[in-house]
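Participant: Can you read through this structure? Questions will come right after.
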Protein chains: 2
Amino acid sequence: MKKDQQNSAANGLEAMRHSLAHITAAAVQRLWPEAKFGVGPVVENGFYYDIDLGETKISEEDFPKIEVEMKKIIEEDQKFERSEQPIDAGIAWAKQNKQPYKEELLNDLKREGTTLAKELDTSMMGLPAGISGVSSTNVEVGKVSFYKNGSFIDLCRGPHVETTGKVGAFKLMRVAGAYWRANEKNPQMQRLYGVAFETDKELQKHLDMLEEAKKRDHRKIGRELDLFVFSDLVGAGLPLFTPKGTVLREELLNFSSELQAKHGYQKVSIPHITKKELYEMSGHWDKFGDELFLVQSQETSDEFVLKPMNCPHHVQIYAAKPRSYRDLPQRYMEATTQYRDEKKGELNGLARVRSISIDDSHVFCRPDQIEQEMDAVLEMVRDMYSALDMKFRARLSFRDDSDKYLGDKKLWQDAQAILERVAKKHQLDYETAEGEAAFYGPKIDIMVLDALGREWQCATDQLDFVQPERFDLKYVAEDGSETRPVMIHKALLGSVERFLSVYIEHTVGKFPIWLAPEQIRVVTVNQEFETTKFAANILEQAKEAGLRLTVDNSNESVGKKIRNAEVEKVPYVLVVGEKEINSGRVAPRIRNDLVVIPVQSELSVEDFLKTVDNEAKGRVNKSSI
Amino acid sequence: MKKDQQNSAANGLEAMRHSLAHITAAAVQRLWPEAKFGVGPVVENGFYYDIDLGETKISEEDFPKIEVEMKKIIEEDQKFERSEQPIDAGIAWAKQNKQPYKEELLNDLKREGTTLAKELDTSMMGLPAGISGVSSTNVEVGKVSFYKNGSFIDLCRGPHVETTGKVGAFKLMRVAGAYWRANEKNPQMQRLYGVAFETDKELQKHLDMLEEAKKRDHRKIGRELDLFVFSDLVGAGLPLFTPKGTVLREELLNFSSELQAKHGYQKVSIPHITKKELYEMSGHWDKFGDELFLVQSQETSDEFVLKPMNCPHHVQIYAAKPRSYRDLPQRYMEATTQYRDEKKGELNGLARVRSISIDDSHVFCRPDQIEQEMDAVLEMVRDMYSALDMKFRARLSFRDDSDKYLGDKKLWQDAQAILERVAKKHQLDYETAEGEAAFYGPKIDIMVLDALGREWQCATDQLDFVQPERFDLKYVAEDGSETRPVMIHKALLGSVERFLSVYIEHTVGKFPIWLAPEQIRVVTVNQEFETTKFAANILEQAKEAGLRLTVDNSNESVGKKIRNAEVEKVPYVLVVGEKEINSGRVAPRIRNDLVVIPVQSELSVEDFLKTVDNEAKGRVNKSSI
């Protein structure tokens, strides 16, 4: 589908969703005529409306009766009628109808004009509108637009569907507290959320997906499998990884650096704080603003920050000595942490944290080396995500004709042609997005698809023509002249925390053998000396081979012990008792998703461990036993 | 030597050094009668005196004439005569003799009494004294003591040697600016440093050691071998490790975790910032005070700090779920960073940094497991330092009978007995130091000896009875009761930066094969196709084997290329040309310190790479070729 087709389809769905926000408010007004309304924008997959019922509070138990009212309004197939009025008439209407929030918006709009309108336009889609300067509306200067369906009238910039009958399928989902205009000092209203799609089938698919996503919630699985914990004493958004979670982190990061080492990347190591001067020079100081953690030195007058990015540090290593064309590319990689002072309300398990571990790399190369480097990155991306058994698409972000882009235009054009060439060479499923490049260079983003069909941006591969300029980086070219290198920012996993949140939900915690924190569980049928010794012997052999094996020699029943291992999603379970001791052979129970041919084979302990070791080293997705 | 003997010897040497400080001042007074004097304490290996000559500045060129004057005073064999005077008489003396710094000290002393005296007593050895409460002096309340030799009189608490003839061997070393009483707002004085020993031989030995240490200065070698860099934009005390330096870091840290994994330690991963509440509860908030980097969140009201220690974080992982006696020991290890806001003047290359990487571990165990855990730690220490070819001694710090120690006394006694038992079992060269334990538990410190005979505290192994109490840690004992675990803090390398500063100076940058950032250099005799191909082929094989090999195919002469490799201290150099291509055999040049039998052997490329690989994996200290 082409981009403008997508946009128009999205706009149709958007109008449906926004119309449903009005219908929700209209239904609430029928049930609670005293209701005061805030704003009701479209959000991902649906809409919400902020409502104030005074002492009365809407609960989820009220949803059926609200939905009944909404359905009535839909059946009535009311026309959405647009009208325009002078802003003062609008204020009078709000006053008369006891809608203080609308009144406040209109007064602000009158006083602050287009500035406020623009702000509201970007921050609260769908509301309000009506004065010139808001591009999506067509209203005379000094006027505001209203929409009316049935007896419900709302200040609104539209657009809407024609009649209430054309809104598709919907469902109210939840109600939550929300401060008026997101300010804690304002009254708390109730935000009523709904989802909406064009067809019942699409709605049901979305609801099923939500149901499945709930079961897969990485926070829940993280707790059940003991992967990470949070502590009130440490703080929100600052996960602590347990031994099991750390195995996942380390195996992923080791794989990433293994792939990179193969392509000539070398590890470097940088401090996590820096004087703010470094980020002033790089330009990040302005860019990150409030998101920066400021670090106060008590011993010196230096002002420090926790690094929000690693590139300027790697630049310092490059810049520390003269470089010749023969020394390039310099490829630095590091699994390190960057910090973002996220709002508490935005934090979410591992998906959004304040301390972000990245498999970050920076290449400093000659312009004629861009292609080989980009090619190598896509090879690494393919190796990484095929080992992880995840599909992906690519988005190539290019410049447009505006003058906001820095760097030589010819360099941009050549680089964009290269990106498209390597994308084709690697047979990527890709789209190009003109005008979506950062001001400093074009890029390839890798969008990874999870088992629920959700897309996540993980790997990224970004050209940078500007930072080498800002830091005055150079190399001596073959002709002896001082030349500017090009920089490439690259990550295969991106934020390891965020990737883990995706991957845990993708796999439901059923990790492949190479990643499983516990690869093998030995379950003893009794606690007799011979059995205990046999199990301990297997443990010793596994340790030698570098495999992660534990022995359950507790006095639970064998059935209970096997179930425990299943609940903990251990790939292999070995039950050992007299039979196994006598034969020296084991019949491994294999986690169901790993089984290719559902035949249980018997093999010697040595052969079993050797096979698992090969599987782990080969990073296979299925058991070969 | 027993501890009190050592102390008395040190005191004798201390009196000599302090007497030399007076003699220095007396000599300066003879040369510049207008000199104003600050303080003149004893420091490691010598002494200094702070002097203010107004516009006149002493330079190193003045040292010979000062030393001549000093020798005269020594030859005169003047008696050090002690006298006591009321503090006001002392002030009058200072005024009359135009000694404003002494006058200020005496006025402060008069006003603030014992508090100031105590502060000065610990911060500025040797000066001043005279009022009760200062344990080392024997002066009547309200009086101060003076010492006189020849015509030179100084406010001083002593003690001194009998006569100026009994001061041993000395040498003036350097002069540096120093603010009066270490405050930038005060006048800048000149600090004149000297070293002093009982005999000429000891002095010469020290001077030789300094000369050798200068050659081995890790900052110099770090630059020459391109191991780490500093950047003004990043800040002082914040090293950035280049690819080569990062190899050293990683190999050391990997070895440390390999040793630990063998003993059941598991990696965990924690954030570098935390709410200050964590350190308030642990007690570190008070302990570290000014050394803490405070982190300001712009998005929340939380107050954060950069972690100065890792233990309270690991405690949070332990505390996150119930533990049974069967789950213990829990052994957490992590190569992570702690932060100390050191004063800029105290920073020194890698030896003193603000961002400190530690191979830190914490064991949570039952009291009956202390011995096995301590035993394991000493085994790891032995394995670590024998691979590093460094000798070490141990110091066992025990409690005394005072009541400053927390935790059960019986637990302390048992634990101390265990420490001594394992020290004996491992045949450690150790001393015990009563009264030197921290308030929370006894410990073993490992003092590593470098090639210059200097001792460095690196590994540490510390019992902690208090933090489990503060965080209310528990496990369910076999009898079902809730019991307190014991904590062990352990590091094998300690600060990796500091260890590297020691190790670089110990080895002069001649790293063993397993640590060498570049293990093999291939030097081509010409740049012909066949030679280049042969070299590239060796490179490919080395890469496969995980060896660090580079090819020097530049158009320098073979001699120059070999010398370059020698300067860069590469363990193995392979010269390849027609002969090698035809025979497929190479004659490796081996760095001289690695050679056991000085015979140059010839072997096939495969055998050579295999041998180097074995040496690297075996962490050997000598070449087996």
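Participant: Name, by its number, the condition in (1) surrounded by fewer than 19 Cβ atoms within 10 Å (Cβ to Cβ); (2) within 14 Å of chain B (Cβ to nearest Cβ) that does not hold for A:Asn348.
Facilitator: Here A:Asn348 meets the rest and fails (2).
Participant: Moving on to the next point. Taking the condition farther than 30 Å from B:Ile270 by Cβ and either surrounded by fewer than 23 Cβ atoms within 10 Å (Cβ to Cβ) or of a type in the set (D, E, K, R) (or both), does A:Arg470 pass?
Facilitator: When the stated conditions are applied, A:Arg470 passes them.
Participant: Out of all the residues in the stretch A:245-304, which are open to solvent by 70 Å² or more (accessible area, probe 1.4 Å), within 7 Å of chain B (Cβ to nearest Cβ) and part of a loop (DSSP other than H, G, I, E, B)?
Facilitator: If the condition is that a residue be open to solvent by 70 Å² or more (accessible area, probe 1.4 Å), within 7 Å of chain B (Cβ to nearest Cβ) and part of a loop (DSSP other than H, G, I, E, B), then A:Gln298 is the only one that fits.
Participant: Test of understanding: among A:Tyr325, A:Tyr339, which residue is of a type in the set (Phe, Trp, Tyr), buried (at least 22 other Cβ atoms within 10 Å of the Cβ) and either assigned by TED's automatic domain parsing to the domain that holds A:Thr246 or out of contact with any helix residue (DSSP H, G or I) (no Cβ under 8 Å at 6 or more places or on another chain) (or both)?
Facilitator: A:Tyr339
Participant: I've got another one for you. Going by the structure shown, is B:Glu540 under 24 Å from A:Gln260 (Cβ atoms) and open to solvent by 40 Å² or more (accessible area, probe 1.4 Å)?
Facilitator: For B:Glu540, the condition - under 24 Å from A:Gln260 (Cβ atoms) and open to solvent by 40 Å² or more (accessible area, probe 1.4 Å) - is met.
Participant: Residue pairs, Cβ under 7 Å, 6 or more apart or interchain, first in the stretch B:191-203 and under 13 Å from B:Arg17 (Cβ atoms), second part of a helix (DSSP H, G or I) and basic (Lys, Arg). List them.
Facilitator: That search, which allows pairs on different chains as well, returns B:Ala196/B:Arg17.
Participant: So how many residues does the stretch B:64-89 have that are outside any helix (DSSP H, G or I) and of a type in the set (D, E, K, R)?
Facilitator: 6
Participant: Right, another one. Would you check which residues across the stretch A:558-602 are in a strand (DSSP E or B) and either in contact (Cβ under 8 Å) with a residue 40 or more places away in the chain or open to solvent by less than 30 Å² (accessible area, probe 1.4 Å) (or both) and list them?
Facilitator: The answer is A:Tyr572, A:Val573, A:Leu574, A:Val575, A:Val576, A:Val586.
Participant: Determine, yes or no, whether B:Ile58 is out of contact with any His (no Cβ under 9 Å at 6 or more places or on another chain), in a loop (DSSP other than H, G, I, E, B) and open to solvent by less than 30 Å² (accessible area, probe 1.4 Å).
Facilitator: Yes; evaluated as a whole, the condition is true for this residue.
Participant: Which condition from (1) of a type outside the set (S, T, N, Q); (2) out of contact with any strand residue (DSSP E or B) (no Cβ under 7 Å at 6 or more places or on another chain); (3) under 20 Å from B:Pro322 (Cα atoms) is the one that B:Gly453 breaks?
Facilitator: With (1) of a type outside the set (S, T, N, Q); (2) out of contact with any strand residue (DSSP E or B) (no Cβ under 7 Å at 6 or more places or on another chain); (3) under 20 Å from B:Pro322 (Cα atoms) applied to B:Gly453, the lone miss is (3).
Table: residues versus (1) open to solvent by 30 Å² or more (accessible area, probe 1.4 Å); (2) assigned by TED's automatic domain parsing to the domain that holds A:Glu67; (3) touching a strand residue (DSSP E or B) at 6+ places or on another chain (Cβ under 7 Å).
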| site | (1), (2), (3) |
| --- | --- |
| A:Gly158 | no, yes, yes |
| A:Gly168 | yes, yes, yes |
| A:Arg174 | yes, yes, yes |
| A:Arg181 | yes, yes, no |
| A:Arg191 | yes, yes, yes |
| A:Lys205 | yes, yes, no |
| A:His218 | no, no, no |
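Participant: Something else: Go through A:Leu406, A:Leu378, A:Leu411 for me and flag whichever is aliphatic (A, V, I, L, M) and open to solvent by 70 Å² or more (accessible area, probe 1.4 Å).
Facilitator: A:Leu406
Participant: In the stretch B:305-321, how many residues are under 27 Å from the mean Cα position of the chain (by Cα), assigned to a helix (DSSP H, G or I) and at the interface with chain A (Cβ under 7 Å from one of its Cβ atoms)?
Facilitator: Residues that pass the stated criteria total 1.
Participant: Please note which strands (runs of 3 or more DSSP E) are completely contained in the stretch A:419-511 and include at least 2 residues that are of a type in the set (Val, Ile, Thr).
Facilitator: Here the list reads A:443-449, A:486-495.
Participant: From (1) in a loop (DSSP other than H, G, I, E, B); (2) surrounded by fewer than 20 Cβ atoms within 10 Å (Cβ to Cβ), pick out the condition that doesn't hold for A:Gly237.
Facilitator: (2)
Participant: Here's something else I'd like to know. In the stretch A:94-105, what residues are open to solvent by 40 Å² or more (accessible area, probe 1.4 Å) and touching a strand residue (DSSP E or B) at 6+ places or on another chain (Cβ under 9 Å)?
Facilitator: A:Asn97, A:Lys98, A:Pro100
Participant: Cβ contacts < 7 Å: first residue in contact (Cβ under 8 Å) with a residue 40 or more places away in the chain, restricted to the stretch A:402-421; second residue assigned to a helix (DSSP H, G or I), any location; separation 6+ or different chain. Result?
Facilitator: Short answer, once both residue conditions are applied: A:Leu411/A:Pro367; A:Ala415/A:Ile370; A:Ile418/A:Ile370; A:Ile418/A:Glu371; A:Ile418/A:Met374; A:Leu419/A:Met374.
Participant: Please go through the stretch A:312-322 and pick out each residue that is over 18 Å from A:Gln369 (Cβ atoms) and open to solvent by less than 20 Å² (accessible area, probe 1.4 Å).
Facilitator: A:Pro312, A:His313, A:Ile317
Participant: While we're on this one: Condition first: surrounded by 14 or more Cβ atoms within 10 Å (Cβ to Cβ), farther than 11 Å from A:Gln519 by Cβ and in contact (Cβ under 8 Å) with a residue 24 or more places away in the chain. Now tell me which residues in the stretch A:611-622 satisfy that.
Facilitator: Once the filter is applied, which keeps residues that are surrounded by 14 or more Cβ atoms within 10 Å (Cβ to Cβ), farther than 11 Å from A:Gln519 by Cβ and in contact (Cβ under 8 Å) with a residue 24 or more places away in the chain, the stretch A:611-622 yields A:Arg619, A:Val620, A:Asn621, A:Lys622.
Participant: Since A:Glu478 meets every condition but one in (1) under 21 Å from A:Ile356 (Cβ atoms); (2) assigned by TED's automatic domain parsing to the domain that holds A:His284, which condition does it not meet?
Facilitator: Tallying (1) under 21 Å from A:Ile356 (Cβ atoms); (2) assigned by TED's automatic domain parsing to the domain that holds A:His284, A:Glu478 fails exactly one: (1).
Participant: Testing B:Lys424 on (1) at pLDDT 95 or above; (2) farther than 30 Å from B:Lys215 by Cβ; (3) open to solvent by less than 10 Å² (accessible area, probe 1.4 Å), one condition comes back false. Which one is that?
Facilitator: Going through (1) at pLDDT 95 or above; (2) farther than 30 Å from B:Lys215 by Cβ; (3) open to solvent by less than 10 Å² (accessible area, probe 1.4 Å) one by one, B:Lys424 breaks only (3).
The values are calculated or read from the model by the stated rules, or taken from the named source; none is laboratory data. Everything numeric here is computed off the predicted structure, so don't read it as measured data. Counting neighbours? That spans all protein chains shown, and the Cβs are built from the backbone with ideal geometry, glycine included. Side chains included, ligands, DNA and RNA excluded: accessible areas come from the protein's heavy atoms. Shrake-Rupley method; radii C 1.70, N 1.55, O 1.52, S 1.80 Å.
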